[in-house]
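Notes follow once the structure below has been shown.
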Amino acid sequence: MRLSKDGVSTLRDDPQEAELASHKLMLRAGMIKKLSSGLYTFMPLGLRVLRNVEQIIREEMNRAGAVEILMPALQPREIWDRSNRYEVMGDGMFKISDRQHREMVLGPTHEEVITEIISNEIKSYRQLPRTLYQIQTKYRDEIRPRFGLMRAKEFIMKDAYSFDVGWDEADTSYDAMYNAYGKIFRRCGLRTKIVEADTGPMGGNRSHEFMALADAGEDGLLECPSCSYAANVERAERGAAEPKLFPDNEKEAEPVSTPGMRTVEEVSTFFKSSPDRLIKTLIYLADDKPIAALIPGDRTMNDMKLARAVGAETLILANEQTVLEATGAPVGFAGPSGLELPIYADMTLKGYKGALTGGNQADTHFINIDLERDATIEAFADLAFGETGDPCPRCNDGKLVAMRGIEVGHVFKLGTKYAKSFDATFLDAEGKEQLVVMGCYGIGVSRTLQAAVEQNYDKHGILWPMSLAPYKITMLGLQPDDEETMRICDNIVDAFRSSGEEVLFDERDERPGVKFKDADLVGCPIRIVVSKRSLEKGAAELKLRSSEDSEFVPIADIHERVMSIINKEMQN
Ligand code: ATP
Ligand code: MG
């Protein structure tokens, strides 16, 4: 590709709207262009990277025995009614209608479509197992589209669906996808952590997320350095900790006037105590009934864990009015003592003595609370988000460490939820009708591409992994008006082309400084510079994007040298 013709337009300055390094770089390097919020065009360089990611995914999916198909993005509403997800998806789904006023949606995912198809296809156990996949555009009306390709309204996903005769067999299909995902992300040059994920409302029983590690990632994860435990912070459990005893822990509880002190900070400053001494009492509506939930003052409530502990389908934080009715006090003064609601307490509060709580009366707190003596607790459970330093729930030896990541892939054992909705059954060996057992497996293809940038850049620009680079080689011809230079450049380009490597050739009439800067920004792994100066030595200057050093390589050797670098890198 010739830069002067094919118009790759780079930007000098950081675009205003981009917060994330990878988003800025994708825009600055001319890989993508924004149309409007959450909508991007892949420009020539960005599209080449996208195709590379897709190719890696295809190869590994095929190798794992999955078969490619392509389903429509436009889907009739009825199939979403059948799975009961039309309401569940709510405003997250783009809804439109055709000229006959038939309601349609733009697919945010394809469980419904694939199960509908398979239910007509599969008749006998002999046709199973099957795993089908597609690489296709998805639509989601995200509340906050942001970070470029990371959270877009229209994005490219690889989604696969497995169908098996039973639950154990479905595990084998799951493992095949799980292993393929490991290979895919390794080949894309990503450092990922595989974490246990919440199985949430999709109704399955096994789920893992593949997280590309990045400080700017939207997801939190916790890992135990001593064993293999790693989980999304939404789900991560915590091991048991020693009960906490604070000073005066044998004394009777006593009300103290705390005018206007509602926050943990205000209360702990007033009592000159650490925030964990205060038991925070939150009032929720669990399936429309008020409950109280307790956690130490320095912790954050994990609503998913609470909902599970309570066994509630819906859980929302109560409003001021409900808090007043349920506790007799305004927000900020609720406490477990004397409260006539079911009370759920975080497990670390078991044995808490000498604690502070709200007094269920305006401007009042209790001191010297012994939780089990002074309140009736319905259940102790793991309710708070885990944090760095918490004991590992598996080995109990290690201390959890918090990290951040970008969810690039997700594998999920679905079970029979969709099979039931769509009557996807088959006849087993005994001629009995059975439901197929499903799994679903997604990779954010466009998100993966940007995650690779988030993990591979420096102050000058992108450092593409060899496997994803739009071009593995960029060549700068520094004197485009010099015939000899151009002739040699063309020869080099041709030689690479015959070995199957297209070269990004910068033959623009620009100052060398501009060309060097752009080459660093675009981030092709290998840079060849041909100039009058290098030709005096009969050489071209070779430099890797990842290294500071360059060297002169004789023109006659440059092709072989570069191909051997590429071949070595691509084998890894
Ligand atoms: P998230 O929690 O980030 O919203 P999700 O769990 O809803 O994602 P899945 O339904 O698991 O997403 O979709 C499979 C994959 O698609 C995700 O692992 C992610 O990589 C990608 N993905 C999901 N939403 C988006 C989006 N809005 N833009 C780009 N990629 C996305
Ligand atoms: Mg997910």
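The values are calculated or read from the model by the stated rules, or taken from the named source; none is laboratory data. These figures come from a predicted structure and were not determined experimentally. A quick note on method: Cβ atoms are made from the backbone with ideal geometry, for glycine too, and the neighbour counts reach across all protein chains shown.
Below, the figures for the structure above:
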| item | result |
| --- | --- |
| Members of region 129-167 that are among the small types (Gly, Ala, Ser), more than 26 Å from residue 180 (Cβ to Cβ) and either in contact with a strand residue (DSSP E or B) (Cβ under 6 Å, 6 or more places away or on another chain) or assigned to a loop (DSSP other than H, G, I, E, B) (or both) | none |
| Single residue of 146, 130 found to be of a type in the set (Lys, Arg), at pLDDT below 95 and more than 16 Å from ligand 2 (Cβ to nearest atom) | 146 |
| Strands (runs of 3 or more DSSP E) within region 176-249 that include 3 or more residues touching a Gly at 6+ places or on another chain (Cβ under 9 Å) | 192-196, 206-213, 219-223 |
| Candidate set: region 16-49, residues that are surrounded by fewer than 14 Cβ atoms within 10 Å (Cβ to Cβ) and part of a loop (DSSP other than H, G, I, E, B); chosen: the one modelled with the highest pLDDT | 37 |
| Residue match in region 146-160 (condition: surrounded by fewer than 19 Cβ atoms within 10 Å (Cβ to Cβ) and more than 11 Å from ligand 1 (Cβ to nearest atom)) | no |
| Elements of type helices (runs of 4 or more DSSP H) in region 320-430, at least 3 residues being more than 16 Å from ligand 1 (Cβ to nearest atom) and within 30 Å of residue 179 (Cα to Cα) | 417-422 |
| Selection status of residue 243, farther than 30 Å from residue 23 by Cα and touching a Phe, Trp or Tyr at 6+ places or on another chain (Cβ under 7 Å) | yes |
| Of residues in region 73-96 being of a type in the set (A, V, I, L, M, F, W, C), out of contact with any helix residue (DSSP H, G or I) (no Cβ under 9 Å at 6 or more places or on another chain) and not in a loop (DSSP other than H, G, I, E, B), the one nearest to residue 313 (Cα to Cα) | 94 |
| Selected residue [within 15 Å of ligand 1 (Cβ to nearest atom) and among the acidic types (Asp, Glu)] from 433, 454 | 454 |
| Identity of the residue in region 355-388, under 16 Å from residue 296 (Cα atoms) and of a type in the set (S, T, N, Q), that ends up surrounded by the most Cβ atoms within 10 Å (Cβ to Cβ) | 357 |
| Residue match in region 528-540 (condition: within 30 Å of residue 186 (Cα to Cα) and not assigned by TED's automatic domain parsing to the domain that holds residue 184) | yes |
| Single condition residue 447 does not satisfy, out of (1) within 16 Å of ligand 1 (Cβ to nearest atom); (2) in a strand (DSSP E or B) | (2) |
| Residue 104 being away from ligand 1 (no atom under 15 Å from the Cβ) and either assigned by TED's automatic domain parsing to the domain that holds residue 418 or among the polar types (S, T, N, Q) (or both) | yes |
| Which numbered condition residue 170 fails, given (1) within 16 Å of ligand 1 (Cβ to nearest atom); (2) modelled with pLDDT of 95 or more; (3) not in a loop (DSSP other than H, G, I, E, B); (4) not charged (D, E, K, R) | (1) |
| Single match in 286, 253 (criterion: within 27 Å of residue 375 (Cβ to Cβ), surrounded by 14 or more Cβ atoms within 10 Å (Cβ to Cβ) and over 29 Å from the mean Cα position of the chain (by Cα)) | 253 |
| Identity of the residue in region 425-439, of a type in the set (A, V, I, L, M, F, W, C) and buried (at least 24 other Cβ atoms within 10 Å of the Cβ), that ends up farthest from ligand 2 (Cβ to nearest atom) | 436 |
| Flag if residue 126 is in a helix (DSSP H, G or I), free of Cβ contacts under 8 Å to residues at least 24 places away in the same chain and of a type outside the set (Ser, Thr, Tyr) | yes |
| Unique match (being outside the structural domain of residue 182 (by TED's automatic domain parsing), in contact (Cβ under 8 Å) with a residue 60 or more places away in the chain and among the hydrophobic types (A, V, I, L, M, F, W, C)) among 8, 53 | 8 |
| Matching option when the condition is farther than 30 Å from residue 66 by Cα, more than 16 Å from ligand 1 (Cβ to nearest atom) and within 16 Å of the chain's Cα centre (by Cα), among 245, 294, 222 | 222 |
| Qualifying residue in region 470-488 (condition: within 16 Å of ligand 1 (Cβ to nearest atom), modelled with pLDDT under 95 and surrounded by fewer than 23 Cβ atoms within 10 Å (Cβ to Cβ)) | no |
| Test: residue in region 173-184 that is away from ligand 2 (no atom under 16 Å from the Cβ), among the polar types (S, T, N, Q) and at pLDDT 95 or above | yes |
| Count of residues meeting criterion [over 20 Å from residue 69 (Cβ atoms), within 11 Å of ligand 1 (Cβ to nearest atom) and not basic (Lys, Arg)] in region 124-143 | 3 |
| Helices (runs of 4 or more DSSP H) lying entirely in region 463-572 (those with 2 or more residues that are polar (S, T, N, Q) and closer than 28 Å to residue 25 by Cβ) | 555-571 |
